[in-house]
Ligand code: UDP
């Protein structure tokens with residue numbers, strides 16, 4: 001079986017490639033390198049610097065490589081950026097999905113595991129959030145991912161495309177040896193920003209809003225380790241290979257931590273002071289996003305290994321200490 005990993009040079013995609021290789025599976029990587037890093041993918045892996053919207057280039061890859069299954073990480077994923085530039089999200093994400101499925105179907109490749117998001121739930125009507133909680137996104141990022149789920153659903157009805165949508169909560173951490181990790185051109189995510197502050201690369205962390213409807217007023221997210229997350233993708237690929245029906249699963253830990261608790265946990269994990277200040281709310285942020293993840297555990301048999309945010313932060317800390325400037329240091 002050959003797995004095509006789209007966005008395989010990005011943060012989550014590179015961990016997926018690593019795990020597929022550990023499992024001795026054949027891997028082909030596509031990444032347009034707008035936010036990914038060539039150095040995040042081992043030299044021996046077939047690598048194409050291609051944008052998934054470039055259908056001719058994608059056709060050539062499907063012609064040259066014998067692809068059985070696709071894992072799709074190649075999308076834009078920054079909530080605040082999507083509020084400022086929604087059309088970028090509908091183009092790269094939604095239109096990207098249409099172009100991809102057209103090419104996949106031309107080559108009769110009909111199994112895809114897709115990175116969806118808790119942002120599709122918007123301000124959820126219930127907590128913890130289950131897969132049947134209504135999806136009403138409150139930012140263009142979440143909207144684009146919901147559109148992508150719907151496109152796959154109708155492509156299943158019409159053409160028999162089989163898909164698994166994995167709705168990620170907040171992904172953090174790095175491979176335990178710190179050889180690959182999180183490195184975005186413009187960092188907006190909480191854990192790397194906290195750890196860059198711990199390293200002295202930033203002066204302080206700004207905690208966005210202390211007046212949310214949560215126990216301590218700071219907004220609450222559910223953090224899942226990137227290696228646990230990619231493990232669920234392998235299980236989802238195997239689920240599809242067994243001929244099972246299209247499905248969707250939340251991937252989270254079922255534990256919520258506030259921004260303030262995360263800063264505190266990082267102080268514990270790193271032994272650093274980590275100066276923090278309270279700032280205004282960030283546009284597009286719901287109060288609390290916590291997953292019910294029993295469906296992935298029972299149907300995919302997913303068993304996350306990392307149980308506390310301290311453990312998750314420690315692995316990210318190893319990466320940041322080894323690569324204070326990210327992949328530039330390699
Ligand atoms: N956050 C923060 N300061 C930062 C970056 C993020 O307070 O510098 C908060 C943000 O408001 C959210 C949480 O941290 O509540 C996680 O944000 P992130 O951007 O990491 O992920 P998202 O939930 O947007 O996918």
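The table for this structure:
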{"item": "Overall dimensions of the stretch 143-186 by Cα: Rg and Dmax, Å", "result": "15.9, 45"}
{"item": "Residue-averaged 222 nm ellipticity for the chain, from DSSP H runs of 4+ at -39500 (n - 2.57), nearest 500", "result": "-11000 deg cm²/dmol"}
{"item": "Additional length obtainable on full extension of the chain from residue 282 to residue 64, 0.36 nm per residue less Cα span", "result": "74.0 nm"}
{"item": "Of all DSSP beta bridges in the chain, antiparallel share, percent nearest 5", "result": "5 percent"}
{"item": "Semi-axis lengths (Å, descending) of the ellipsoid that matches the C-alpha gyration tensor of the stretch 1-87", "result": "23, 16, 11"}
{"item": "Relative contact order [Cα under 8 Å, 6+ residues apart], the stretch 14-81, whole percent", "result": "27 percent"}
{"item": "Overall form of the stretch 181-257 per C-alpha gyration tensor (a/c, 1.5; a/b vs b/c)", "result": "oblate"}
{"item": "The stretch 188-330: C-alpha gyration tensor shape, a/c 1.5 cut-off, then a/b vs b/c", "result": "oblate"}
{"item": "Residues residue 305 and residue 272, FRET efficiency given R0 of 30 Å [Cβ-Cβ distance, rounded to 0.05]", "result": "0.75"}
{"item": "Enclosed volume per residue, in Å³, of the convex hull spanned by Cα atoms of the stretch 84-205", "result": "162 Å³"}
{"item": "Bridge type composition, the stretch 164-305 - antiparallel percent by DSSP, nearest 5", "result": "10 percent"}
{"item": "Protection proxy ranking, peptides 79-87, 224-232, average beta carbon neighbours within 10 Å, highest first", "result": "224-232, 79-87"}
{"item": "Estimated FRET transfer efficiency (residue 211, residue 177; beta-carbon r; R0 51 Å; 0.05)", "result": "0.80"}
{"item": "Full-stretch length increase - residue 56, residue 24 - with 0.36 nm per residue and alpha-carbon distance subtracted", "result": "8.6 nm"}
{"item": "Relative contact order computed over the stretch 219-285 (Cα-Cα under 8 Å; 6+ residues apart), in percent", "result": "42 percent"}
{"item": "Highest to lowest packing among 69-77, 300-308, scored as the average C-beta count within 10 Å", "result": "69-77, 300-308"}
{"item": "Net length gained if the chain between residue 298 and residue 321 were fully extended (0.36 nm per residue, minus Cα distance)", "result": "4.6 nm"}
{"item": "For the stretch 169-184 and the stretch 305-323, distance of Cα centres in Å", "result": "8 Å"}
{"item": "Using a Förster distance of 51 Å, the FRET efficiency for residue 88-residue 1 (Cβ separation, nearest 0.05)", "result": "0.95"}
{"item": "Average Cα contact separation per residue, the chain, under 8 Å, 6 or more apart, as relative contact order %", "result": "19 percent"}
{"item": "Shape of the chain, Cα gyration tensor, a/c cut at 1.5", "result": "prolate"}
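Every number in this text was worked out from the coordinates using simple rules, so none of it is lab data. This one's a predicted model, so the numbers in the text were calculated from it and none came from an experiment. Using ideal geometry, Cβ is built from the backbone for each residue, glycine included, and neighbour counts are taken over all protein chains shown.
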